[in-house]
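Take a look at the structure below.
The values are calculated or read from the model by the stated rules, or taken from the named source; none is laboratory data. Bear in mind that the values here come from a model prediction, so they are computed numbers and not experimental data. Backbone-built Cβ (ideal geometry, glycine too); neighbour counts: all protein chains shown.
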Amino acid sequence: MSKKEFIIGADIGGTWIRVAISPIDLKKEAIIIKKTQTPKINEYSISNAIISLITQLLIDNNIEKDQILGIGLASAGPINIESGEVFNNANLGFKEIPLKKPIQEKFLSVPIYLINDCNASVLAVHYFEASDDEKDNIVYITMSTGIGGGVICNGHLLLGKDGNAAEIGHGIVNHQSRFQCNCGAFGCWEVYSSGTGVRNRALEAIKTSSFSSKILMFMVDNDETNITAKELFQAAKGGDKFSKSIVDQCIFYTKVGVGLVNNFYDCASIYFGGAMMKDSDLILPPLIEQFKTEPILFTINTPPQIKVTKNLAEIGIMGALTLVKYKLEGNPLIL
């Protein structure tokens, strides 16, 4: 009797690493996931953590190495698909991170595929969520530690020469900005609307703002260092005027970003994900209203449908698995 075969995916983010194993049919109930906080001790910490999680999954489920058909690595970018490395990264602790080679040395005969995490996520949206009338033209946007994007246009995943075709978070949305992004540029969308950006803008503005921050400061025990995007959004919901001003800025620049994305890719739907979508009830309604009632202020093209992925925490790992499935099956979407 032949052994059952499996595929493995790894999702590498600024905060968490998730590794999953699944039969190739990708039934959601059969996907097994393990996660750990992203280690940033040295440039090999991440690949070592992935090897450890894969090994644990194999042992826990009595699976041998020769039962693995392929491994997909979905990482925050920028990435180099050919060398299997991350470079110029803003959120993983090191600018240059070898991913593929150390893992390949442990799994010599297993094909390993590297992809930007948001490109992986749009594959997951395509396979698990998108309706037939939107599948060929969808964008995925993550708003989390950073901001990233993945694009399927005319039935093809857009990758670019290195695999970084939709680094939308580093699009410049304010050319006169004095705020520097972790990437080194000034005025990136990520500077204003990512979790990191929202926190930094609050810390920078709180001492000089004329808006009251009493509710926010009560929530963080009067210690500004405790402020995160989570507290800001909660305080804004509670009526804190200062927090609402920071949230409004986040939303405005997200409108700019969405408008640019739609101008560039003319998409049917945009799916949002990432930790910031825990507060989607504050962020998305003004976006939906803007692009429904007066889209021309931000985009010249027919506006897209704006949605939240149903798989918030797992979208990246599901995308890494989908990448392996599509590669092994020769799906024309990624050829």
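Observations, loosely collected:
- Subset of segment 283-305 (residues that are crowded, with 18+ Cβ neighbours inside 10 Å and over 16 Å from ILE152 (Cβ atoms)): ILE283, LEU287, GLN290, PHE291, PRO295, PHE298, THR299, PRO303
- Complete set of residues in segment 166-223 that are charged (D, E, K, R), in a helix (DSSP H, G or I) and either closer than 20 Å to TYR253 by Cβ or under 25 Å from the mean Cα position of the chain (by Cα) (or both): GLU190, ARG199, ARG201, GLU204
- In a residue-by-residue description of segment 197-209, the property of being surrounded by 15 or more Cβ atoms within 10 Å (Cβ to Cβ), under 30 Å from LEU333 (Cβ atoms) and among the charged types (D, E, K, R) applies to no position.
- Only one of the numbered conditions (1) over 29 Å from TYR44 (Cα atoms); (2) surrounded by fewer than 24 Cβ atoms within 10 Å (Cβ to Cβ) is not met by VAL139, and that is (2).
- Take the conditions (1) in contact (Cβ under 8 Å) with a residue 60 or more places away in the chain; (2) under 24 Å from ILE8 (Cα atoms); (3) crowded, with 18+ Cβ neighbours inside 10 Å; ASP162 misses just one of them, which is (3).
- Scan of segment 1-16 for residues that are under 21 Å from the mean Cα position of the chain (by Cα) and either surrounded by fewer than 23 Cβ atoms within 10 Å (Cβ to Cβ) or more than 13 Å from GLN56 (Cβ to Cβ) (or both), ordered by number: GLY9, ASP11, ILE12, GLY13, GLY14, THR15, TRP16
- Looking only at segment 120-135, and only at residues there that are touching a residue at least 60 places away in the same chain (Cβ under 8 Å) and more than 27 Å from LEU69 (Cβ to Cβ), the one that is surrounded by the most Cβ atoms within 10 Å (Cβ to Cβ): GLU134
- Among the candidates ILE33, ILE51, residue that is within 29 Å of ASN89 (Cβ to Cβ) and free of Cβ contacts under 8 Å to residues at least 60 places away in the same chain: ILE51
- Within segment 300-323, the only residue that satisfies the criterion of being more than 16 Å from the chain's Cα centre (by Cα) and farther than 14 Å from SER269 by Cα is ILE300.
- Only one of ASN48, ASN89 that is among the polar types (S, T, N, Q) and not in a helix (DSSP H, G or I): ASN89
- Residues satisfying the stated conditions in segment 96-119, i.e. surrounded by 24 or more Cβ atoms within 10 Å (Cβ to Cβ) and either assigned to a loop (DSSP other than H, G, I, E, B) or in the same structural domain as SER193 (by TED's automatic domain parsing) (or both): LEU99
- Qualifying residue in segment 264-271 (condition: more than 17 Å from the chain's Cα centre (by Cα), surrounded by 21 or more Cβ atoms within 10 Å (Cβ to Cβ) and either more than 15 Å from THR299 (Cα to Cα) or of a type outside the set (Phe, Trp, Tyr) (or both)): yes
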